[in-house]
Structure formats: structure tokens, C-alpha cells
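One structure is given here, and the rest of the page talks about it.
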Amino acid sequence: MSTAPKRLTAAEYLAIEARDEVRHEYFDGEVFAMGGGTLWHNLIKDNLAHAIRKRLEGRGCYVITSDQRVKVDATGLYTYPDVVVFCEPPVFEDAVHHTLVNPRLIVEVLSDSTEKYDRGAKFGHYRRLESIQEYLIISQDRISAELFSRQPAPGAAAGTDPWLLRTFIDPAGTIRFDSLGVDVTLAEIYAGVPLPGPSDAGRERRP
């Protein structure tokens with residue numbers, strides 16, 4: 001008789017993360033190894049983070065890429081977004097300041113293997129964060145970005161606020177992040193990026 005894989009507690013997962021060089025997502029007792037990004041993926045997220053960081057200088061905001069773990073308290077998901085921005089004093093789950101729970105903006109760079117998850121289930125988790133105001137997803141194989149902005153609905157149940165979608169495909173276009181009060185051009189985001197065909201790098205299974 002086969003034995004089902006052992007489901008981990010959040011504490012066991014965090015203990016693994018503290019000693020392992022490979023980053024993992026965690027949800028509902030399962031751990032998922034996160035693969036490294038492609039050259040295009042890394043250039044895009046670093047370009048965007050640099051552009052936002054320049055504009056927020058001196059305003060008490062922080063822009064962090066990839067290595068900042070975020071927890072969605074409402075669902076129990078632990079993950080590492082491509083870019084995280086927070087402007088309030090940071091709120092952490094733990095005393096050692098490894099797990100942020102109050103991001104204002106989250107960015108994910110899409111690949112063939114992550115696109116369905118990032119658009120669907122993962123965005124469903126992120127919407128449950130009380131602090132999040134905007135969610136940006138960016139293509140790495142063509143100039144395309146989609147910005148979801150929370151539209152507060154007084155009296156709505158947690159996680160049910162409507163979201164406004166704006167799509168950007170013009171290479172000369174500009175993305176306005178209302179929650180941060182900054183503008184970033186698509187030319188900055190894709191600067192120096194040798195756009196490839198669709199990439200199949202990334203993860204295969206996600207919560």
C-alpha cells in the first residue's frame with residue numbers, strides 16, 4: 001500500500017526555508033520549489049523595480065525583488081513575488097522579519113508555465129490581502145502589461161472588492177500606479193530585453 005506524502009505544517013515549512021538555498025512556496029501543507037527566472041524575466045523585474053525605486057526615493061517606500069517572502073494570512077499561502085512594494089511601516093508575521101504581510105503593490109512576470117496560475121489562483125490569494133491595492137502582471141515574450149487596481153466597495157466582504165483592469169501594449173505607453181503616485185513607461189520596463197518566443201521555464205504545479 002502506498003503512503004501519501006507527509007503534509008507539512010507552516011512551522012516545518014519555515015524551518016526548511018531557513019536552511020535551504022532553494023526558495024519554495026507553501027500552501028495547505030504542500031511545498032513547491034520555485035525555479036530560477038530566465039534572462040528576460042530577470043531583466044524585466046529588475047528594470048521595473050529600479051524605475052519605481054527611483055520615483056519613490058525619500059517617500060518612505062520600499063521596493064524588493066524575488067527574495068522577500070509574503071504571506072496571505074487569509075489563505076495561508078507563503079510565496080515570493082517578483083516585485084513587492086510597501087509604503088507603510090512593514091508588518092511581519094515573525095519576529096525575525098522574514099515574512100511580510102502588508103504589501104501595497106505586487107508584480108509577477110509571466111511565463112508559459114506560470115501564466116494560468118498567476119492570473120487565476122494566485123491572484124485569488126493576493127486579493128485576500130487587506131493591504132494590496134494593485135497587482136501587475138507582465139509578459140516576458142512580448143510588450144504587454146496588465147494592471148489590476150482595487151476599487152474599494154464599502155460594506156463588501158473581505159476579498160470581494162471589485163478590481164479595475166487596464167492593459168498596456170503600446171511600446172510608448174505609460175503605466176500609472178495610483179496607489180504609489182508614480183508613472184513608469186513600458187520602454188523602461190523592457191529596456192535592453194531581447195524579447196524571445198514564449199518561454200516554457202518555470203513551475204508546473206501550484207496551489
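Where a number appears in this text, it was derived from the coordinates with a stated rule and is not lab data. Predicted, not measured: the structure shown is a model, and the values here were computed from it. Backbone-built Cβ (ideal geometry, glycine too); neighbour counts: all protein chains shown.
If neighbour count is taken as other Cβ atoms inside 10 Å, put D183, D28 in order from fewest to most.
Neighbour counts put them in this order, fewest first: D28, D183.
Taking other C-beta atoms within 10 angstrom as a stand-in for reagent exposure, S66, S111 fall in the order S66, S111, fewest first.
When the Cα gyration tensor is reduced to axis lengths a ≥ b ≥ c, the ratio a/c is 1.5 or higher for the range 114-153, and with a/b not above b/c it is classed as oblate.
I'd like the FRET efficiency for D73 and S113, computed as 1/(1 + (r/R0)^6) with the beta carbon distance as r and R0 of 30 Å, rounded to 0.05.
Working: r = 27 Å, r/R0 = 0.91.
E between D73 and S113, to the nearest 0.05, is 0.65.
3J(HN,Hα) along the range 47-63: 4, 5, 4, 5, 5, 5, 4, 4, 6, 9, 4, x, 10, x, 9, 10, 10 Hz, from the Karplus curve 6.51 cos²θ - 1.76 cosθ + 1.60 with θ = phi - 60°, whole Hz, x for Gly and Pro. Convex hull volume of the C-alpha atoms in the chain, normalised per residue: 139 Å³. Calculated mean residue ellipticity at 222 nm for the chain: -6000 deg cm²/dmol, from DSSP H runs with n ≥ 4 weighted as -39500 (n - 2.57), summed, divided by the residue count and rounded to 500.
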